[in-house]
1. Among the candidates B:52, B:34, which residue alone is farther than 30 Å from residue B:191 by Cα and either part of a strand (DSSP E or B) or open to solvent by 60 Å² or more (accessible area, probe 1.4 Å) (or both)?
2. Among (1) open to solvent by less than 60 Å² (accessible area, probe 1.4 Å); (2) within 14 Å of chain A (Cβ to nearest Cβ); (3) over 19 Å from residue A:279 (Cβ atoms), there is one condition residue B:258 misses while meeting the rest; what is its number?
3. Looking at segment A:254-270, which of the residues that are surrounded by fewer than 23 Cβ atoms within 10 Å (Cβ to Cβ) and at negative phi is nearest to the other protein chains (Cβ to nearest Cβ)?
4. Name the residue, out of B:180, B:154, B:201, that is within 14 Å of another protein chain (Cβ to nearest Cβ), within 33 Å of the chain's Cα centre (by Cα) and open to solvent by 20 Å² or more (accessible area, probe 1.4 Å).
5. Take the residues in segment A:271-300 that are more than 14 Å from chain B (Cβ to nearest Cβ) and of a type outside the set (A, V, I, L, M, F, W, C); name whichever of them is farthest from residue B:175 (Cα to Cα).
6. Identify, please: which residue in segment B:211-228 is within 14 Å of chain A (Cβ to nearest Cβ) and crowded, with 20+ Cβ neighbours inside 10 Å and is, among those, nearest to residue B:124 (Cα to Cα)?
7. Looking only at segment B:183-198, filter to residues that are under 34 Å from the mean Cα position of the chain (by Cα) and among the acidic types (Asp, Glu); which one of those is nearest to the other protein chains (Cβ to nearest Cβ)?
Amino acid sequence: MNDEALLRELRDELDDGGLHGSFLVRDLRTGEEVGIEPDLELPSASLVKVPLAVAVLDRVHRGELDGAAQILVRPGRVTTPGPIGLTRFRHPARIAIDDLLYLSTCLSDSAASDALFDLTPPTEVAATLRAAGLRGITVRHTMSTLNETPADRLSHAEVDLAHTLAIGAATPGRGHRIPQLDVTRANSGTARSFVDLLQALWTPSRIHPEVAARVRDLMTANVLRHRLAPDFSSDASVWSSKTGTLLNLRHEVGVVEHADGQTFAVAALTASRVPAYSQPGAEALMARVARTLRDHLRAA
Amino acid sequence: MDLVGACRAFVYVSDRGSFTVGAAAARIPQPVASRRIAALEKHLGAPLFDRSSRRATPTRFGQDMLPSARRLVDLAEAMEHDAQRARQAPFALAVPDTCPTRELALLTAQARREGLRLDPRPAPPGDRAQLLRSREVRAAVTCVPPEEGTWTVPLGLATTVEPRVSVTYLETLRVGRTDPPSDARRVWIQPEDDVPHVRDPLTRIRDAVGLQPAQVAVASSLTSAAAEALGSTDLLLCAPGQARDLGLHWRPAGELQLARGYDVAANDAEDADRVREALWEPLARCLGTSAGDEDGD
């Protein structure tokens, strides 16, 4: 099947499943790539925790921060379903920067990320990306801002209402009534910009090799494996990734390293038009599309 | 007093020159004619007949009153004639286009017996409301939420292959993680059910149980919806009677109880009451309510 026919079929499948988004798969050895709207900008949600880890580890590497230094972290005390770790803690805790990085990157613990953002604010994370020559990923705010959406103000029974708002309140120019979904104000990125970041972490780049290796290890230890992982992990490959979820947004960016040395960077950023909180079908569909793109690239 | 009745007696008696013959011509007993004329004389304040002669001869006052009395009687007769004609004018009623022809014919026949020349106009829900607004019909059978309906019709899911269960859960249509998306079975909504109180709860359940958005779709006509259900494993949202007519197997939906609700709307409230009361039973059969189905099952 040629590229166009395949892409058209996948676009139809996404549309039937109520998804639209930005997909890109790149062979990190050859630079060949295939994607669906890879330059569509979407709010990045928790994907921002990867650039955050890069910035913090860069400062640790340069000696500005001590990875063993313990930080007193305020408890998140969130009780709504979803968030994990310190975000749900009820009492303050003392945790080392290295361990905060683990919680933030591998468990997507937003309270841990905000403790790191206190040390390395969004502007500094953005500066680190610029210094590494990476464009297209914006870092503008911390995670606590991200959690104050209509979904947190409405009861669980009304969660479809929050999602209906998220889907319907878009304004021209990719703006949105909900600031966290407004790509001109929120942390944002495209499939291409995240694949560029993954390439900079997995292949030699302006990011220091030691920093890149630590970020790679963190992403390999990711515990959230319900989205793309079922279609990419096996005993013959390693799947390292970070997910991002906010209202109707479902993202995952990662790298699959095969035993034979082939390495593919995968970015799948999606928005759903289905007003529901749990959408296992959408998770499976985006994994299927990402896998089909990877298989197509690998066979080419 | 009955002014028209009294004037009638007065005109007939004076034309015939006799209380007995005049009363007979007016088809009233003679004492009634006498009493009415006496009441009229009292009302107008002077005698109308000269009681001294054997013949019933109008007095001078009676002769003066006669032309206006005659006009009043003629006008009353014209009015009754008009009323009869108006009663026989066709009564256009917008009905769902899902009603079977036989039931509509029986409805029209029943209406005739009730003195109503019914003219049923089958149309989809939106068009029925439009026909009523533009006064092209005098009344319309409208879609309302079932709890407000004068008639209710249960809705369920119909399939070609008989399910081995007594209830069809929508969640069973969810595509498994390893199934290709092309295996997704769809639920087709016919235009009659493309109304908020049916479509929206169904859409909400679709999203809540994790079906793909495309798995609940509105068809452009009942025929095309039925064709999808007959030609594949897709399901048709329909009433039990419709399923029977199409040769499909009907089951209620598991997650929610869906029903059509119907009421009659008219620009004149009395028209609506008349249809509701006089035609309740035959309309129930047209709409396919469960009560109307009893003899069929």
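1. B:52
2. Result: residue B:258 passes all but (2).
3. Taking the candidates together, the pick is A:258.
4. None of the others qualify; the one that does is B:201.
5. Per the stated criteria, the residue is A:298.
6. B:216
7. Only one residue tops the list, namely B:194.
Each row is one residue, and each column tells you yes or no for (1) aliphatic (A, V, I, L, M); (2) modelled with pLDDT of 90 or more; (3) exposed (fewer than 12 other Cβ atoms within 10 Å of the Cβ); (4) not in a helix (DSSP H, G or I).
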| residue | (1), (2), (3), (4) |
| --- | --- |
| B:63 | no, yes, no, no |
| B:98 | no, yes, no, yes |
| B:116 | yes, no, no, yes |
| B:119 | no, yes, no, yes |
| B:132 | yes, yes, no, no |
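The values are calculated or read from the model by the stated rules, or taken from the named source; none is laboratory data. Computed from a prediction, not measured in an experiment: that's the story for all the values here. In this analysis, Cβ positions are derived from the backbone assuming ideal geometry, glycine residues included, and neighbour counts consider all displayed protein chains. Protein only, heavy atoms only, side chains kept; ligands, DNA and RNA dropped before computing areas. Shrake-Rupley method; radii C 1.70, N 1.55, O 1.52, S 1.80 Å.
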